[in-house]
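Questions regarding the structure given below will be posed in turn.
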Amino acid sequence: MQVLKFGGTSVGSVESIKQVIQIIDSYRRDDGSQPGDLITVVFSAMGGVTNQLIEIGRMATTGDTDYMELVRRIEDRHFNVIKALIPVKEQSKVFAQVRGVINELEDLLRGVSLIRELSPRTLDLITSFGERLSTAVITECIRSRGISAQFLDARTVIKTDDQFGQADVNYPLTNQLIQDHYAKTDALQLVTGFIGSTDKNETTTLGRGGSDYTASILGAALNAEVIDIWTDVDGMMTADPRKVTNAFNIPTITYAEAMELSHFGAKVIYPPSLQPAFARNIPVRVLNTFNPTHEGTLVSRTAERRQYTITGISSIDDIALVNVQGSGMIGVAGVSAKLFGVLAAHKISVILISQASSEHSICFALDPRGAENVKAILDSEFATEIAHGHIDNIAIERDLSVIATVGEGMRKSSGIAGKLFSVLGKNGVNIVAVAQGSSEINISVVINKNNLSKALNALHNIFFQSEARVLNLYLVGTGLIGKTLLQQIAKQADYLKSEKLLKVCVVGMTNTRKMLLDPKGIDLDDWSERQLAEGVTTSLPAFVEKIKDYNLPNSVFIDCTSDKDVVQFYESLLDANISVVTPNKVANSGSYAEYRRLQRTALNRGVKFLYETNVGAGLPIINTVQGLMTAGDQFLKIEAILSGTLSFIFNTFSAGTSFADVVREAKTKGYTEPDPRDDLSGQDVARKILILAREAGFPLEPQDVTINNLLPQSCLDAPTVPAFFDELERNNDYFENLLASADAKGEKLRFVASFENDKAVIELRSVGPEHPFYQLTGADNIVSFTTERYKDRPLVVKGPGAGAEVTASGVFADVVSIGSYLA
Ligand SMILES: NC(=O)C1=CN([C@@H]2O[C@H](COP(=O)(O)OP(=O)(O)OC[C@H]3O[C@@H](n4cnc5c(N)ncnc54)[C@H](O)[C@@H]3O)[C@@H](O)[C@H]2O)C=CC1
Ligand SMILES: N[C@@H](CC=O)C(=O)O
Ligand code: NA
């Protein structure tokens, strides 16, 4: 015996009923014989009809005759099925049959409108019409195809007590009646879900999950091989797909896991209603009527071995927490007994309970709609304890959500809780309360509601490991470096996904003109067109506000500008647990206090502030200094060429060429700052040596860096970039003279930064062939660190220190390292 059940959406329309009939056909045995003796099919009411019937009942009690129109609509829906699926010559008989049932409903409603009262008993009778109508019509549809099928009104076999609305089943009697009935027939049984009857034959309903319950009762009584619950989703998912886009189907799950997941909000099935089947160890499959070839989910006593330690994550979006606390509770037996006694006596259902081992407080979660009432009850029940100071306070906290991670696999593995808390911590999700069932298959955390989506996504990402972790990027500045970075990300995306399990998703970008945000991710093939077409006028505060609003997990803010206005937002971003990566030197070269503040904020928040490209572009310079510092080395001296632009200029400029043209070439090659005056004035190098000294542990301020200026005053004073180039042209002789005097000594011009004895100095030097900086070519940088451990021979880092590709690649490496950290 196989028991099938089709829910309201499955039987909600002509098209879907056609699909249902095909599915029932597919259960036919291989030899082509009719499925009759093998299966039982339970139906819900057509989607929406039960709620309409409740509404109709309510309208009838108020004397509102509009209910008649609603009844008409219900009748029409069933008539439409008859018209579409039953041959014309057989239709009139079925119309008459439906009309008869509707007449009965109308008589009943007339009675209700006369006495103006709707008892639970009458409401059960009214709602029973939904299943009675749907099942009767589908039975005729199937019969008209020549299949021997029988309509079974479940009220004749499912016997209950008289708790209308949620009746309890009399199993011994019910099982007997079911078995007796099935002994007499081998026709396909088509059964009304949701309803039963008392021993006085009054109609009752089975409460939440009603038709699943019917299927389960039948399956258990008949010892079915399997119960197939046909619904409108592909079985149970690892998380609610509306909240977690990467959620996927769970092929097998245990009864206990299914119970836990649905207790915490997974609504695909309502396991308590499947209890009779579970008790007899009958497997339940959850299948999709609209995608019938999908394997769905098999719920059974044991699940197959899985690659993930957890099975699923579910949540209840809105809960309130009631906190009962007081020093008088410590060691006083009975407070919790009394508390739970009171809750039980008032039929208050509790979602989760947590008690600190100090016994100083107990908190429990419940539906927020009942919270005020519960507080009033507790305040009154515990009035004495409160008066005596044993309990200080009964407080309600609102706007909370609960997330449950569920899985049998958790029972045997350590470190799950650690992983859970760590990932929530790194994403700045504060945990308000925690509970772990002693079965160890569920850890639940209560968090602020506004973090729910971020927390669910972060947890899903981390626990379903074979899935790539998503890094959400916000890019400010789509100029030379920003654009190159986007190209590099686009090119490398597949590799990162498959080899590093990182899915890099650019969710926001802005330049000075337009900003574009899309939490689903911006396609990197046409970002620039989209930014132009869909972008809105840039407002940095609005951009940052959006980032915080989205509250996406694993978020990284990338500043590829040279603007100080962008820097102002770093601290609040870090504070909101958003990592910051930047080639922009402004933040780290302001006051020492600001530099430290950003470092501290990142550290406190468990996020990253990375700026390798602040010095020497992609060369590993900052990382080298940080590595030496971490290992306890001490810096004695730093000597360096830190400007790619000036390196290039002095390696390229020769007598008879235009100095200004060489500077222009440096700009074209992408070496200069957005404003090349920053390079030539020594400002850029000053920032770099300042940052290096700070990284090396010296609290330098900008004024501690002495710049021995290279440019004539008129160049320094040039108000605009074009004016600056004009001044360079006018001063060509000056630069030629500098070059000539170095040439005369067989030396080369080098713009050298050095740091020693708490002082940083930058100056133009001419160095001879014996000097290590003499050989430098192109736009190379070189840094020589003399430390306690590298005293006799300094540690040297050398290589291209400017240019779009190497800089973007350094920024990219920082971003990826955050991905690895978060993972
Ligand atoms: N070129 C190189 O070799 C290296 C550059 N860097 C740094 O990289 C950064 C970027 O340089 P480039 O890409 O050459 O500059 P760029 O001038 O080509 O691009 C800057 C971008 O930032 C945008 N922007 C500026 N202010 C903004 C604001 N307030 N709001 C929104 N967008 C804003 C601009 O619209 C533009 O898209 C600079 O801080 C530079 O110092 C660092 C290391 C090496
Ligand atoms: N403009 C800079 C680029 C790196 O910071 C340079 O020339 O070195
Ligand atoms: Na670097």
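The values are calculated or read from the model by the stated rules, or taken from the named source; none is laboratory data. As the structure is a computational prediction, the values presented were derived from the model and not from experiment. FYI the Cβ positions are ideal-geometry reconstructions off the backbone, even for glycines, and counts take in every protein chain you see.
Report every pair of residues separated by at least 6 positions or lying on different chains whose Cβ atoms are under 7 Å apart, first residue within segment 705-721 and in the same structural domain as D684 (by TED's automatic domain parsing) and within 20 Å of I762 (Cβ to Cβ), second loosely packed, with under 15 Cβ neighbours inside 10 Å and among the small types (G, A, S).
none
Right, something else. Looking at (1) in contact with a helix residue (DSSP H, G or I) (Cβ under 6 Å, 6 or more places away or on another chain); (2) surrounded by fewer than 18 Cβ atoms within 10 Å (Cβ to Cβ), can you tell me which one I649 breaks?
The failed condition is (2).
Further question on the same structure: Just a yes or no: is a residue in segment 106-123 basic (K, R), in a loop (DSSP other than H, G, I, E, B), in contact (Cβ under 8 Å) with a residue 12 or more places away in the chain and assigned by TED's automatic domain parsing to the domain that holds S211? Even if it seems obvious, please write down each step before you answer.
Initially, segment 106-123 is screened for residues basic (K, R), giving 110, 116, 121.
Going one step further and asking which of them are in a loop (DSSP other than H, G, I, E, B), we end up with 116.
In the following step, the residues that additionally are in contact (Cβ under 8 Å) with a residue 12 or more places away in the chain were identified as 116.
With assigned by TED's automatic domain parsing to the domain that holds S211 added as a condition, the list becomes 116.
Within segment 106-123, one or more residues are basic (K, R), in a loop (DSSP other than H, G, I, E, B), in contact (Cβ under 8 Å) with a residue 12 or more places away in the chain and assigned by TED's automatic domain parsing to the domain that holds S211.
Take the conditions on the phi > 0 side of the Ramachandran plot and not in a strand (DSSP E or B) and apply them to G482. Does it pass? Outline the logic, then answer.
Working: on the phi > 0 side of the Ramachandran plot: no; not in a strand (DSSP E or B): yes.
Criteria not met by G482.
Moving on. If G644 satisfies all but one of (1) away from ligand 2 (no atom under 16 Å from the Cβ); (2) not assigned by TED's automatic domain parsing to the domain that holds F557, what's the number of the condition it fails?
Condition (1) is where G644 drops out.
Please tell me if D180 is modelled with pLDDT of 95 or more, more than 24 Å from V3 (Cβ to Cβ) and in the same structural domain as T204 (by TED's automatic domain parsing).
No.
Specify which of the listed residues (S681, S643, S654, S658) is within 16 Å of ligand 3 (Cβ to nearest atom) and more than 35 Å from the chain's Cα centre (by Cα).
Values: S681 fails: within 16 Å of ligand 3 (Cβ to nearest atom); S654 fails: within 16 Å of ligand 3 (Cβ to nearest atom); S658 fails: within 16 Å of ligand 3 (Cβ to nearest atom).
After applying the criteria, what remains is S643.
Assess whether S128 counts as being touching a residue at least 24 places away in the same chain (Cβ under 8 Å), on the phi < 0 side of the Ramachandran plot, out of contact with any helix residue (DSSP H, G or I) (no Cβ under 6 Å at 6 or more places or on another chain) and buried (at least 21 other Cβ atoms within 10 Å of the Cβ). Spell out how you get there, then give the answer.
On the way: touching a residue at least 24 places away in the same chain (Cβ under 8 Å): yes; on the phi < 0 side of the Ramachandran plot: yes; out of contact with any helix residue (DSSP H, G or I) (no Cβ under 6 Å at 6 or more places or on another chain): yes; buried (at least 21 other Cβ atoms within 10 Å of the Cβ): yes.
Against the criterion (touching a residue at least 24 places away in the same chain (Cβ under 8 Å), on the phi < 0 side of the Ramachandran plot, out of contact with any helix residue (DSSP H, G or I) (no Cβ under 6 Å at 6 or more places or on another chain) and buried (at least 21 other Cβ atoms within 10 Å of the Cβ)), S128 qualifies.
Quick grid of which residues meet (1) farther than 17 Å from K688 by Cα; (2) of a type outside the set (S, T, Y); (3) without any contact (Cβ under 8 Å) to a residue 60 or more places away in the chain:
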residue: A542; (1), (2), (3): yes, yes, yes
residue: K546; (1), (2), (3): yes, yes, yes
residue: N551; (1), (2), (3): yes, yes, no
residue: Y570; (1), (2), (3): yes, no, yes
residue: L574; (1), (2), (3): yes, yes, yes
residue: V580; (1), (2), (3): yes, yes, yes
residue: K585; (1), (2), (3): no, yes, no
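Which residues, taken from segment 790-823, are of a type in the set (S, T, Y) and either touching a Ser or Thr at 6+ places or on another chain (Cβ under 6 Å) or farther than 20 Å from S647 by Cβ (or both)? Talk me through it step by step, then tell me what you get.
First pass over segment 790-823, keeping only residues of a type in the set (S, T, Y): 790, 807, 809, 817, 820-821.
Across segment 790-823, the qualifying residues are Y790, T807, S817, S820, Y821.
Looking only at segment 385-401, decide whether some residue is free of Cβ contacts under 8 Å to residues at least 60 places away in the same chain, surrounded by 15 or more Cβ atoms within 10 Å (Cβ to Cβ) and under 24 Å from I431 (Cα atoms).
No, segment 385-401 contains no residue that is free of Cβ contacts under 8 Å to residues at least 60 places away in the same chain, surrounded by 15 or more Cβ atoms within 10 Å (Cβ to Cβ) and under 24 Å from I431 (Cα atoms).
Suppose we keep only residues that are within 16 Å of ligand 2 (Cβ to nearest atom) and surrounded by fewer than 21 Cβ atoms within 10 Å (Cβ to Cβ) within segment 576-633. Which one would you say is farthest from G479 (Cα to Cα)?
Top of the filtered list is N623.
Which count do you get for residues in segment 512-531 that are more than 13 Å from ligand 1 (Cβ to nearest atom) and assigned to a helix (DSSP H, G or I)?
Going through segment 512-531 one residue at a time, the tally reaches 2.
Also: Which condition number does V504 fail, the rest of (1) more than 15 Å from the chain's Cα centre (by Cα); (2) away from ligand 1 (no atom under 16 Å from the Cβ); (3) among the aliphatic types (A, V, I, L, M); (4) not in a helix (DSSP H, G or I) being met?
Every listed condition holds for V504 apart from (1).
Find the residue count for segment 178-204, including only residues that are β-branched (V, I, T) and in a loop (DSSP other than H, G, I, E, B).
In the first step, residues of segment 178-204 are kept if they are β-branched (V, I, T); the result is 178, 185, 191-192, 195, 198, 203-204.
Cutting the leftovers down to in a loop (DSSP other than H, G, I, E, B) gives us 185, 198.
Result for segment 178-204: 2.
Every residue in segment 541-568 that is surrounded by 21 or more Cβ atoms within 10 Å (Cβ to Cβ), more than 16 Å from ligand 3 (Cβ to nearest atom) and farther than 21 Å from L424 by Cα, please.
Result: F543, V544, T561, V566, V567.
If you don't mind, another one. Residues in segment 216-226: is at least one within 26 Å of G409 (Cβ to Cβ) and among the aliphatic types (A, V, I, L, M)? Spell out how you get there, then give the answer.
Here is the first cut: in segment 216-226, the residues within 26 Å of G409 (Cβ to Cβ) are 226.
After this cut, where a residue has to be among the aliphatic types (A, V, I, L, M) as well, the list is 226.
Yes, some residue in segment 216-226 is within 26 Å of G409 (Cβ to Cβ) and among the aliphatic types (A, V, I, L, M).
Could you please give the count of residues in segment 618-638 that are in contact with a strand residue (DSSP E or B) (Cβ under 7 Å, 6 or more places away or on another chain) and within 15 Å of ligand 1 (Cβ to nearest atom)?
If we filter segment 618-638 for residues that are in contact with a strand residue (DSSP E or B) (Cβ under 7 Å, 6 or more places away or on another chain), which is where we start, we get 619-621, 624, 628, 633-638.
Now narrow it down to the ones that are within 15 Å of ligand 1 (Cβ to nearest atom): 619-621.
So the answer is 3.
Please find, among G819, G803, G810, the residue that is more than 16 Å from ligand 2 (Cβ to nearest atom), surrounded by 17 or more Cβ atoms within 10 Å (Cβ to Cβ) and within 47 Å of the chain's Cα centre (by Cα).
Working: G803 fails: more than 16 Å from ligand 2 (Cβ to nearest atom); G810 fails: more than 16 Å from ligand 2 (Cβ to nearest atom).
After ruling out the rest, the residue left standing is G819.
While we're looking at this one, here's another question. For segment 468-489, state whether one or more residues are of a type in the set (K, R), within 16 Å of ligand 1 (Cβ to nearest atom) and buried (at least 17 other Cβ atoms within 10 Å of the Cβ).
Here is the first cut: in segment 468-489, the ones of a type in the set (K, R) are 469, 483.
Okay, now just the ones that are also within 16 Å of ligand 1 (Cβ to nearest atom), so 483.
Then drop every residue that is not buried (at least 17 other Cβ atoms within 10 Å of the Cβ), which leaves 483.
Yes, because at least one residue in segment 468-489 is of a type in the set (K, R), within 16 Å of ligand 1 (Cβ to nearest atom) and buried (at least 17 other Cβ atoms within 10 Å of the Cβ).
Do the conditions hold for K500, that is, is it touching a Gly at 6+ places or on another chain (Cβ under 8 Å) and over 21 Å from A813 (Cα atoms)? Let's see the steps before the verdict.
On the way: touching a Gly at 6+ places or on another chain (Cβ under 8 Å): yes; over 21 Å from A813 (Cα atoms): no.
In short, no.
A further question follows. Can you run down the residue pairs with Cβ atoms below 6 Å, 6 or more apart or on separate chains, where the first is in segment 732-753 and crowded, with 20+ Cβ neighbours inside 10 Å and the partner is assigned to a helix (DSSP H, G or I) and among the β-branched types (V, I, T)?
If the second residue must be assigned to a helix (DSSP H, G or I) and among the β-branched types (V, I, T), the pairs left are A753/V685; A753/I689.
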